[in-house]
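What follows is one structure encoded as structure tokens, with my remarks underneath.
The values are calculated or read from the model by the stated rules, or taken from the named source; none is laboratory data. Since this is a predicted model, take the numbers as computed values, not measurements. Every residue, glycine among them, receives a Cβ derived from its backbone with ideal geometry; neighbour counts consider all protein chains shown. Ligands, DNA and RNA are excluded from the accessible area calculation, which covers all protein heavy atoms including side chains. Shrake-Rupley method; radii C 1.70, N 1.55, O 1.52, S 1.80 Å.
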Amino acid sequence: MFWIQAFVKIALIVGVLVNMAAILLWVERKQSAMMQDRIGPNRAAIVVGSMRIRAAGLVHSIADGIKMIWKEDWEPTGGDKLLYRLAPIIALVPALCLFAVIPFGPTLHVSHLRDLWSPEWATETAGTVIPMRIATLDVGLLYVFAVAGAGVIGAALAGWSSNNKFSLLGGLRASSQMVSYEVAMGLSLVGSFMIYQSVQPTDMVNWQMQHCWGIFVQPLAFILFATSAIAETKRVPFDVPEGESEVVAGYFTEYAGLKFGMFASGELVEVCTSSALLVVVFLGGWQLPFVQNTGLEFHYLGIDVSWHWAHIVVVLVGLLTFIVKVLVLVFLQLQIRWTLPRFRYDQIMMLGWKILLPLALLNVLLTGFGILFINGFPATGAMTP
Amino acid sequence: MTATTKVIRKPQRTMADQSYVIELVKGLGVTLKHFFKGTRQMVTGTTPDLEKHPYADGIATVQYPEEKRPYAQRWRGVHRLTHRDDGSPRCVACLCCSTACPAQCIYIKPAEYAEGDKRRGYERYPEEFVIDELRCIFCGFCVEACPCDAIRMDTGYHMTALDDRASFIYDKAQLMSHVGQDGTQKSANPRHEPGDPTHPGVTRLHGGH
Ligand code: SF4
Ligand code: SF4
């Protein structure tokens, strides 16, 4: 049962993510077009009889996929063939794997599908329980950093094995940028770990459900994490690894066909994943304001509303909330990509090491003081666990 | 003499500018406003009519093969040779246009009308009239030079992309087949045929001087 569950969830998540990449390609094109007073791609059509189905340009994503499959798979001579073929896989797979620990909805208690939520379930272990995440790891979010770190290898290998100066430069830039920002990214979450007292994403969402969204207790960390997450995706404004004006297309200059497609879709999958992370850590995960595990609870301003929902409704509302939150953040990330000009390489390094890193450390310090201030200073000796 | 100097101060960026976050939000505001405006126009189908207001705000794309932005009245397109009422070219083979042409891309082989034709002696006709459209710089001098309004560039066609050079060398038949933007192959200017009372009647062969 456990394995079936896991396989279904993995298939679902990977399927959704890969298709999201295709859809985001369309969203990105259309969104930028609307923003720049253009129409965007709308010519590719599926011809049925005399009808031409254009689906507002969505067919372009299909056409792109077909094109990538049939394109000549050219490989540079003199490069390292094995590494050259491995690199796109190493770049894409970590982006997909990141989602393994991200909870995307409240836990589903199969035996209680028809009932209202009852408090006993919180401790109950009997009956089939489907947690809405693929893996429950003790290391929790630390897993994310470990896997995200592996993405660097893909870019670096691609640059190295292409046997091309520009690719190598792009690969170097990609690795230095990603390594730098991983530091700030990891440290910016430490404050959240301290407040939530856990590295488990599920615990984080539960904490936020009981108290308030993480963005209100950790506003600085939110900005820091969002910035470094965007930097990790290597998209504009942090796209020096593939800066067209200087290094052609950076580390994937020499890639064609589906291999290039893996890099491109890896980027878009990363956008989804980083948005999901932001949602889980800072925006309450699947939680809606005033919606508890039991249903709608509003007890403020003299109004008392207690509207109990069936368990299945709570779960579905949770799933939907999570998806909508992620989509909104993805939209904002794409908007940022089309709003900001590209940073210079030295500016990126300065931002990473001289601004984000100290600020992240400062955030840890402030959070520590804040926790001490609220919980009261422990008596001497109480520090030892 | 003292030089007057003007000290231009470097723009001072405030802390808020420097932090980039506020400016980023402002920038996002601008682009989001445009995004929603554009989306609203697309969804409700209220994109500006670019034929009437070419520089209107909003979506500025012309869906080319289906929609065309009209060319200006005096826009110089591919040449055409205008017709007389009987369908023959108005051109009298005076060679003014080929003389005026800075690119020297017009070749005209003039010919006399046959004995007994009432135009014989009054004017000639072009047996061949060839324009190399690849050499042409679309200056319009030929049109200006023509005394008979026989050559015009008001077709509204721009040169199409063809894949061999020979196709760009337009002969008389091709040039005469082009239609003006007004839909006719003629010219509105009056033409005086030999024998008409308005015709001056001066000829090279029969003139009295
Ligand atoms: S437009 Fe100018 S270059 Fe072209 S044929 Fe006429 S005179 Fe010559
Ligand atoms: S087109 Fe006009 S200018 Fe040219 S030869 Fe004919 S009549 Fe003369």
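Near residue A:108, the amide H atoms lying under 5 Å from its own belong to A:130, A:132; only residues 5 or more places off or on other chains count, and H is placed 1.01 Å from N. A DSSP coil position with no more than 15 other Cβ atoms inside 10 Å describes the following trypsin sites (Lys or Arg not before Pro) in region B:10-83: B:13, B:52, B:68, B:74.
Sort region A:247-385 into rounded, prolate or oblate with this rule: let a ≥ b ≥ c be the square roots of the eigenvalues of the Cα gyration tensor; rounded if a/c is under 1.5, and if a/c is not under 1.5, prolate when a/b is larger than b/c, oblate otherwise.
Numbers: a/c = 2.70, a/b = 1.31, b/c = 2.07.
Oblate is the answer for region A:247-385, as a/c is 1.5 or above yet b/c matches or exceeds a/b.
Straightening the chain between residue A:313 and residue A:77 buys 79.2 nm, computed as 0.36 nm per residue apart minus the Cα-Cα spacing.
Over region B:80-177, one equal point on each Cα, no solvent: what is log10 I(q)/I(0) by the Debye formula at q = 0.12 Å⁻¹? Taking Cα atoms of region B:80-177 as identical point scatterers yields -0.38.
Grab the beta carbon distance between residue B:198 and residue A:43, set R0 = 51 Å, and tell me the FRET efficiency rounded to 0.05.
Details: r = 55 Å, r/R0 = 1.09.
After rounding, the FRET efficiency stands at 0.40.
Under the combined filter of DSSP loop state and at most 12 neighbouring Cβ atoms within 10 Å, region B:115-205 retains these GluC sites (Glu not before Pro): B:115. With the dipole of the protein assembly as shown worked out from charges on the C-beta (+1 for Lys and Arg, -1 for Asp and Glu) around the Cα centre, which of A:147, B:122, A:174 lies farthest toward the positive end? Positive-most Cα among the choices belongs to B:122. Between the beta carbons of residue B:72 and residue B:34, assuming R0 = 35 Å, the FRET efficiency works out to 0.75 to the nearest 0.05.
With contributions of -39500 (n - 2.57) from each DSSP H run of at least four residues, the per-residue ellipticity at 222 nm computed over chain B stands at -6000 deg cm²/dmol.
Size of the dipole of region B:16-70 about the Cα centre, Lys and Arg at +1 and Asp and Glu at -1 on the beta carbon, nothing else charged, in debye to 20?
Working: 7 positive and 7 negative charges, 20 e Å.
Result for region B:16-70 is approximately 100 debye, rounded to the nearest 20.
Solvent-accessible surface (1.4 Å probe) assigned to residue B:199 amounts to roughly 40 Å². A dipole drawn for the protein assembly as shown from +1 and -1 charges on Cβ atoms has a positive end, and of A:44, A:374, B:176 the residue lying farthest that way is B:176. Amide H contacts under 5 Å for residue A:292: A:297, restricted to partners 5 or more places along the chain or on a different chain, H placed in the peptide plane at 1.01 Å from N.
Please compute the average number of Cβ atoms from other chains found within 10 Å of each residue's Cβ in peptide A:338-347. Display every interim value, and only then the final one.
Numbers: counts 3, 9, 6, 1, 0, 1, 0, 0, 0, 0.
Partner-chain Cβ atoms within 10 Å, mean over residues of A:338-347: 2.
The GluC sites (Glu not before Pro) of region B:1-93 that meet both conditions, a loop assignment by DSSP and at most 16 other Cβ atoms within 10 Å of the site Cβ, are B:51, B:66, B:67.
Computed with a 1.4 angstrom probe on protein heavy atoms, the B-A interface buries about 1700 square angstrom of accessible area in total. Positive-end ranking of B:31, B:81, B:4 along the dipole of chain B, with charges on Cβ about the Cα centre, is headed by B:4.
Considering only protein heavy atoms, with the full assembly of protein chains and a 1.4 angstrom probe, order B:125, B:157, A:84 by accessible area, largest first. Present the calculation step by step, with values, prior to reporting the outcome.
Details: B:125 65, B:157 95, A:84 5 Å².
From most exposed to least exposed: B:157, B:125, A:84.
How big is the dipole moment of the protein assembly as shown about its Cα centre under a simple scheme where the beta carbon of each Lys and Arg is +1, that of each Asp and Glu is -1, and everything else is neutral? Debye, nearest 20, please. Show your work: numbers first, answer last.
Working: 51 positive and 50 negative charges, 201 e Å.
Dipole magnitude for the protein assembly as shown comes out near 960 debye.
Relative contact order for region B:16-70: what is it in percent, counting Cα pairs under 8 Å that are at least 6 residues apart? Relative CO of region B:16-70 lands at 22 percent.
Simple spin-label estimate for residue A:365 and residue B:49 gives 6.6 nm between the two label positions (7 Å along the Cα-to-Cβ direction from each Cα). Summing +1 for each Lys or Arg and -1 for each Asp or Glu among the other residues whose beta-carbon sits under 14 angstrom from that of residue A:185 gives -2.
Phi-derived couplings, Karplus 6.51 cos²θ - 1.76 cosθ + 1.60 at θ = phi - 60°, listed residue by residue for region B:108-121: 10, 10, x, 9, 7, 5, 5, 4, x, 5, 6, 8, 4, x Hz, with x used for Gly and Pro.
Mind running the shape call on the protein assembly as shown? Use the C-alpha gyration tensor, a ≥ b ≥ c as the square roots of the eigenvalues: rounded below 1.5 for a/c, prolate if a/b tops b/c, oblate otherwise. Provide the component values of the computation, followed by the final result.
Details: a/c = 2.77, a/b = 2.53, b/c = 1.09.
Taking the square roots of the gyration eigenvalues as a ≥ b ≥ c, the protein assembly as shown is prolate.
Using only side-chain charges placed at the Cβ, +1 for Lys and Arg and -1 for Asp and Glu, the dipole size of region B:80-177 relative to its Cα centre rounds to 160 debye.
Calculate the length of the line joining the C-alpha centroid of region A:86-106 to that of region A:305-321, in whole Å. Cα centroid to Cα centroid, the span is 28 Å.
Going by accessible area, probe 1.4 Å, with all protein chains left in place, what is the ranking of A:327, A:189, largest first?
Working: A:327 80, A:189 0 Å².
From most accessible down to least: A:327, A:189.
Accessible surface ranking for B:85, B:132, B:164, A:239, 1.4 angstrom probe, highest first: B:85, B:164, B:132, A:239. Using a probe of 1.4 Å, the accessible surface attributed to residue A:217 totals some 50 Å² when neighbouring protein chains are kept in position.
Per residue of A:27-33, count partner chain C-beta atoms within 10 Å of its C-beta, then hand back the mean as an integer.
Values: counts 0, 0, 0, 4, 4, 2, 6.
Averaged over the peptide's residues, the number is 2.
Against chain A, whose longest principal axis is taken from its Cα atoms, helix A:2-35 shows a tilt of about 60°. Against chain A, whose longest principal axis comes from its Cα atoms, helix A:59-70 is set at around 60 degrees.
Once the Cα atoms are used to define both axes, helix B:21-44 deviates from the longest principal axis of chain B by about 40 degrees. Sequence-distant contacts, meaning Cα pairs under 8 Å at least 6 residues apart, place the relative contact order of chain A at 22 percent. Does region B:16-70 classify as rounded, prolate or oblate by the C-alpha gyration tensor (a ≥ b ≥ c root eigenvalues; a/c under 1.5 gives rounded; else a/b over b/c gives prolate, otherwise oblate)? Because a/c hits 1.5 or more and a/b exceeds b/c, region B:16-70 counts as prolate.
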